[in-house]
Structures are given as structure tokens and as C-alpha cells.
Amino acid sequence: MPDSIFTLAPELGAIVRPGLIWWSGAAVVARDHRLDPLLAAAEARVRLTPPADADAVRTMYKRVGIDPTKTRPSNEALLRRVRKGDTIPRINSLVDIVNWCSLEFQLPYGLYDLSKINGPVTIRLGADGESYPGIRKDDVNVSGRITVADATGAFGNPTSDSARTMVTTATTDALVVIYAPAEIASAQVRRVLDVTSSRLADIVGGHETARSTT
């Protein structure tokens with residue numbers, strides 16, 4: 001993969017170990033019933049045997065000055081929801097797969113429509129006052145926070161993503177970002193990427209066009 005596609009800002013090199021997949025040729029539907037038993041089984045597992053606390057993800061937030069009990073990583077918010085008896089929200093087949101993976105691996109994921117991304121992608125700290133319109137919510141503040149950005153500006157972070165790049169049933173090409181803490185071993189991030197890629201291929205079809213790990 002050409003280095004020009006993705007960069008990790010130097011100030012985050014010791015804090016984040018991101019994994020990225022560029023995906024092409026997905027066929028996204030509003031609800032794929034093949035996922036129904038798979039998601040139900042994943043929900044049952046985490047209720048019966050909760051995953052280990054995601055201390056490394058919380059530490060990643062704390063190292064950039066964010067209190068993870070006030071601004072929760074998306075994986076933790078999802079786990080809390082499911083352990084209270086709720087189900088994984090069903091959005092569309094592509095989003096549902098990513099939420100399944102995030103719940104199981106307890107890592108925050110971002111999912112973005114590649115056709116809405118402008119130029120190379122960087123994971124960096126948000127600039128002072130930087131924000132974007134969130135998905136079904138008001139502006140998301142990313143000032144001083146871990147964020148993913150393109151030439152237009154920030155469009156995602158480990159807590160919530162932007163309306164600009166959200167995935168819909170019209171999406172065919174996507175970018176998956178796993179915001180793994182630097183403490184997570186490279187081999188584990190690669191394994192998570194492998195499982196994620198396999199599930200995408202099985203459910204929405206298509207294939208990887210590029211991958212990045214550090």
C-alpha cells in the first residue's frame with residue numbers, strides 16, 4: 001500500500017496502533033438475516049462471560065486528556081448496552097458486522113464510505129475548535145482528541161463518527177478503522193483485521209484493496 005494513502009501523526013505513535021482495511025465491492029442491505037443468529041450468539045456470550053475490561057482503550061483516551069467515563073469509547077458503550085439486556089443496534093449489514101466485531105474484540109471501530117473521503121487519510125489529534133456533524137446528533141467535538149481526517153477535515157473518532165462519511169445501503173467501497181491502543185500487540189491487531197475481513201467477505205461480499213497496520 002502506498003504510504004500516501006494513510007499516515008499516523010507522530011504525536012500518536014506511542015498511543016495508537018491503528019489497523020485499517022480498504023474494502024471494495026460491498027453489497028450493503030438494510031438487514032441481512034444471516035446476521036441474526038450470529039449477533040444473538042455474540043450478545044449471549046458477553047452477557048454470560050463478559051470480556052476483560054478494556055483498560056488499554058481507556059488508557060489510550062486518558063493519554064490524550066479524555067476521561068473515558070464521560071466520553072466513552074464506542075466499544076465500551078456497546079458492551080454496556082448489551083450487558084443491560086439490549087441488542088446490538090441494527091443499522092445496515094456493513095455497520096452491523098463492524099459492531100459485532102467491536103463488541104467481541106472490545107476495540108473501537110470506525111466505518112466510513114470511501115466515496116465521501118477526500119484524499120489521503122491521517123489519524124491525528126483534532127485541532128482547537130475542530131468538530132463535525134455527527135450521525136443523528138449535534139456537532140462532535142474532536143479538539144485535542146484522536147481523530148481520523150482527510151483533506152476536507154476530521155470525519156471520525158473512536159467514540160462517534162460523522163454524517164459526512166457514514167455508510168448507507170448505497171455504499172460499495174468502505175474504510176474500516178480499528179483504533180487499537182499501542183499496548184495491543186501487532187499480531188493481535190492483524191488477527192482482528194483478518195476476522196473482520198472474513199466476516200465482511202462472507203456477509204456483504206467484495207474484497208480488500210489495501211490494509212495498514214503498525
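The values are calculated or read from the model by the stated rules, or taken from the named source; none is laboratory data. If you're wondering where the values come from, they're calculated on a predicted model, not measured in any experiment. Positions of Cβ are backbone-derived with ideal geometry, glycine not excepted, and every protein chain shown enters the neighbour counts.
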Within the stretch 151-179, the residues that are without any contact (Cβ under 8 Å) to a residue 40 or more places away in the chain and either surrounded by fewer than 19 Cβ atoms within 10 Å (Cβ to Cβ) or out of contact with any strand residue (DSSP E or B) (no Cβ under 8 Å at 6 or more places or on another chain) (or both) are Ala151, Thr152, Gly153, Ala163
Residue in the stretch 195-208 that is crowded, with 20+ Cβ neighbours inside 10 Å and either at positive phi or over 16 Å from the mean Cα position of the chain (by Cα) (or both) present = yes
Take the stretch 58-79 and flag every residue that is touching a Leu at 6+ places or on another chain (Cβ under 7 Å) and β-branched (Val, Ile, Thr).
-> Val64
Would you check if there is a residue in the stretch 118-127 being outside any strand (DSSP E or B) and either in contact with a helix residue (DSSP H, G or I) (Cβ under 8 Å, 6 or more places away or on another chain) or among the β-branched types (Val, Ile, Thr) (or both)?
-> yes
Pro50 versus (1) at pLDDT below 95; (2) outside any loop (DSSP other than H, G, I, E, B): which is the lone unmet condition?
-> (2)
Pick from the stretch 1-44 the residues that are part of a helix (DSSP H, G or I) and modelled with pLDDT under 95: which of them is nearest to Asn99 (Cα to Cα)?
-> Ile5
Report yes if Thr71 is within 30 Å of Ile15 (Cβ to Cβ), touching a residue at least 40 places away in the same chain (Cβ under 8 Å), within 19 Å of the chain's Cα centre (by Cα) and exposed (fewer than 15 other Cβ atoms within 10 Å of the Cβ), otherwise no.
-> no
Of the residues in the stretch 180-194, those that are within 15 Å of the chain's Cα centre (by Cα), crowded, with 19+ Cβ neighbours inside 10 Å and not in a strand (DSSP E or B) come to Ala180, Val189, Val192, Leu193
Thr209 is checked against (1) in contact with an Asp or Glu (Cβ under 9 Å, 6 or more places away or on another chain); (2) not in a strand (DSSP E or B) and fails just one. What number does that condition carry?
-> (2)
Given (1) assigned to a loop (DSSP other than H, G, I, E, B); (2) more than 18 Å from Pro68 (Cβ to Cβ); (3) aliphatic (A, V, I, L, M), where does Leu200 come up short, assuming only one miss?
-> (1)
Restricting the stretch 100-117 to residues that are surrounded by fewer than 22 Cβ atoms within 10 Å (Cβ to Cβ) and either of a type in the set (S, T, N, Q) or free of Cβ contacts under 8 Å to residues at least 40 places away in the same chain (or both), which is farthest from Val148 (Cα to Cα)?
-> Gln106
Name every residue in the stretch 72-92 that is farther than 14 Å from Glu43 by Cα and not hydrophobic (A, V, I, L, M, F, W, C), in order of residue number.
-> Arg72, Pro73, Ser74, Asn92
